[in-house]
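Q: This structure is in structure tokens; I'll ask about it shortly.
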Amino acid sequence: MKNNAYPFYYIIVGLLSLALCLLVGLLSGVQYAIPDFIKESLPFTVLRPLRTLFALSWIFMTAIGGIFWYIQNEKINPVIMKSQFWIFTVTGFLIAICYIFKKFEGKNI
């Protein structure tokens, strides 16, 4: 793959995160209005951090993609750009899976 294709990948993943953020936000709003909507499968305590994750992923991924697109030159190491993309994407996916399966509980006070 070319060096200049990865900024588009960042932006595409960022826009996908925006779409997921909007979807989770709509689900949260419907669940707030109708409390028994999907309470058993995705409670509000899961949807809230999931929406925050997608919103932050949208901001960071599109910003990084925009920066890489703006400073396209030979000084950018393509290995670092590719590895950073895959680390961010896989980490975000795993965090979302942990949120969905409710594996994020902390210390009870």
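The values are calculated or read from the model by the stated rules, or taken from the named source; none is laboratory data. As the structure is a prediction and not an experimental result, all values here were calculated from the model. Ideal geometry is used to build each Cβ from the backbone, glycine not excepted, and the neighbour counts take in all protein chains shown.
Q: Quick one: which residue in Phe37, Phe85 is without any contact (Cβ under 8 Å) to a residue 60 or more places away in the chain and of a type in the set (Phe, Trp, Tyr)? Give the derivation first.
A: Numbers: Phe85 fails: without any contact (Cβ under 8 Å) to a residue 60 or more places away in the chain.
Step by step, each of Phe37, Phe85 is checked, and only Phe37 is without any contact (Cβ under 8 Å) to a residue 60 or more places away in the chain and of a type in the set (Phe, Trp, Tyr).
Q: While we're here: When residues of region 90-109 are filtered for being outside any loop (DSSP other than H, G, I, E, B) and loosely packed, with under 15 Cβ neighbours inside 10 Å, how many remain?
A: Let us first name the residues in region 90-109 that are outside any loop (DSSP other than H, G, I, E, B), namely 90-100.
Cutting the leftovers down to loosely packed, with under 15 Cβ neighbours inside 10 Å gives us 90-91, 93-94, 97-98, 100.
So the count comes out to 7.
Q: Contact list please: Cβ distance under 7 Å, first residue in region 44-64 and over 14 Å from Ala96 (Cβ atoms), second residue among the polar types (S, T, N, Q) and modelled with pLDDT of 95 or more, pairs at least six apart or on different chains.
A: Cβ pairs passing all conditions: none.
Q: OK, next. Could you list all residues from region 44-89 that are in a loop (DSSP other than H, G, I, E, B) and among the aliphatic types (A, V, I, L, M)? Quick ask: steps written out before the conclusion?
A: Looking only at region 44-89, we keep the residues that are in a loop (DSSP other than H, G, I, E, B), and these are 71-77.
Ile71, Ile76 - these are the residues of region 44-89 that are in a loop (DSSP other than H, G, I, E, B) and among the aliphatic types (A, V, I, L, M).
Q: Residues of region 24-42 being out of contact with any Phe, Trp or Tyr (no Cβ under 7 Å at 6 or more places or on another chain) and surrounded by 13 or more Cβ atoms within 10 Å (Cβ to Cβ), which ones?
A: Gly25, Leu27, Phe37, Ile38, Leu42
Q: Which of the residues that make up region 37-67 are modelled with pLDDT of 85 or more and either farther than 28 Å from Leu23 by Cα or polar (S, T, N, Q) (or both)?
A: The answer is Thr52, Ser57, Thr62.
Q: Return the total of residues in region 68-82 being under 18 Å from Gly14 (Cβ atoms) and free of Cβ contacts under 8 Å to residues at least 40 places away in the same chain.
A: The total comes to 2.
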